[in-house]
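Asker: Submitted below is the structure of interest, expressed as structure tokens.
Every number here is computed from the coordinates shown, using simple stated rules; none is lab data. Quick caveat, the model's predicted, so the values are computed rather than measured. Neighbour counts run over all protein chains shown; Cβ positions are idealised from the backbone, glycine included.
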Amino acid sequence: LGRRELRPEGTIVNIGGAKVGDGSVAVFGGPCAVENREQMLATASVAAQYGSVGLRGGAFKPRTSPYSFQGLRWAGLELLEEARAHTGLPILTECVDPRHVERLAETIDGFQIGARNMQNFELLSEVGKAGLPVVLKRGFGCTVDETLAASEYITAQGNDQVVLCERGIRTFEHSTRFTLDLSAVALMKQRSHLPVMVDPSHSVGIPALVEPMTLAAAAAGADALLIDIHVQPEQALCDGKQALVPEAFRGLMTKLELLAMGI
Ligand code: PEP
């Protein structure tokens, strides 16, 4: 269903009014995890002030270690709602369990399926049925073919509002957290009519590399970007090492705008 030939003009995905695939580069900024009210609202304000079209933020965090912060769960969702009310920006958040789909769908603007769940096919079918847009992250051990096949579990439910997201794959290179596979961006855009997002934050895991990889992703044809922001990264409960401070996010947005203008 996602083959490019079927829709050569491409698909525009509308996440609560934020358009992905319309020719612009849509930025979804926000914290990796919703940690508390103050952090969420401050980060959301920064995202909105510097030009995000949507807010990211994990209420449910599927962490590698069961002893790491797992997210505020439903309380986190309430804070995301509050952040949306403050900024007017739509919210994108991860769903980790088919049993959560219905309740999340009553509130959020778009589902995120994390890398660790890309091949959780029951979950994909359930979110596909919910009638909301879905950002599907590539599993870090999965090929482009497997990613495209996974997206069909969602589109097969009659939901074409799917964004494919490259977030880095596991390679022998350990200097960065994962290896950002930008060739996958160009390839997925060639092979699929679905728009493509890039998450430079989770792929490189190093703040100083987020900006160059953001610009490279935009140059490779990415339709959207997912950027971690934290007002106090040293105190973050989750992935603080990769988050941009507000000033760095502002700089990145300025350069992205200049790139779009061809300067
Ligand atoms: C995230 O974006 O919050 C996240 C956990 O990313 P990934 O699933 O790509 O690891």
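Asker: Taking a 24 Å limit on the Cα-Cα distance, which of the listed pairs 61/189; 61/129; 19/137; 189/241; 61/241 fall beyond it?
Answerer: Numbers: 61/189 29 Å; 61/129 22 Å; 19/137 18 Å; 189/241 30 Å; 61/241 16 Å.
Violating the 24 Å Cα-Cα cut-off are 61/189; 189/241.
Asker: Which residue, 52, 203, 183, tops the fluctuation ranking in a GNM of the chain built on C-alpha contacts under 10 Å?
Answerer: Comparing 52, 203, 183 in the GNM, the peak value goes to 183.
Asker: Taking DSSP loops as anything outside H, G, I, E and B, show the longest stretch in the chain free of GluC sites (Glu not before Pro) there with at most 10 other beta carbons within 10 Å.
Answerer: Result for the longest clean stretch: 10-105.
Asker: OK, next. Only four residue types carry charge here, +1 at the Cβ of Lys and Arg and -1 at the Cβ of Asp and Glu. Report the dipole size of the stretch 4-251 about the Cα centre in Debye, rounded to the nearest 20.
Answerer: Rounded to the nearest 20 debye, it is 220 debye.
Asker: Follow-up. Just add up the charged neighbours of residue 69: K/R +1, D/E -1, any other residue whose Cβ is under 12 Å from the Cβ of residue 69. Provide the component values of the computation, followed by the final result.
Answerer: Working: positive: 61, 63, 73; negative: 35, 239.
Result for the local shell: +1.
Asker: Can you tell me the relative contact order of the stretch 32-150? Whole percent, Cα pairs under 8 Å, sequence separation 6 or more.
Answerer: The normalised contact order for the stretch 32-150 reaches 21 percent.
Asker: Can you list which of the DSSP-assigned H helices in the chain have a Cα extent of 15 Å or more along the long axis and an average Kyte-Doolittle score of at least -1.0?
Answerer: Counting only whole DSSP H runs, the qualifying helices are 37-49, 74-87, 144-155, 207-219, 246-260.
Asker: Follow-up question, since we're still on this one. Does the stretch 1-99 come out rounded, prolate or oblate, given a ≥ b ≥ c as the square roots of the eigenvalues of its C-alpha gyration tensor, rounded meaning a/c under 1.5 and, failing that, prolate meaning a/b above b/c?
Answerer: Details: a/c = 2.56, a/b = 1.42, b/c = 1.80.
Taking the square roots of the gyration eigenvalues as a ≥ b ≥ c, the stretch 1-99 is oblate.
Asker: Another question about this same structure. Residue farthest toward the positive end of the dipole of the chain, with Cβ of Lys/Arg at +1 and Asp/Glu at -1: which of 262, 180, 41?
Answerer: So the residue furthest toward the plus end is 180.
Asker: When Lys and Arg each count +1 and Asp and Glu each count -1, what net charge do the other residues less than 9 Å away from residue 184, Cβ to Cβ, add up to?
Answerer: Within the 9 Å Cβ shell, the charges total -1.
Asker: Continuing with the same structure: Can you tally the net charge around residue 145? Count Lys and Arg as +1, Asp and Glu as -1, for every other residue whose Cβ sits under 12 Å from the Cβ of residue 145.
Answerer: It works out to a net charge of 0.
Asker: Cα gyration tensor of the stretch 4-251, axes a ≥ b ≥ c as square roots of the eigenvalues: rounded (a/c below 1.5), prolate (a/b > b/c) or oblate?
Answerer: rounded
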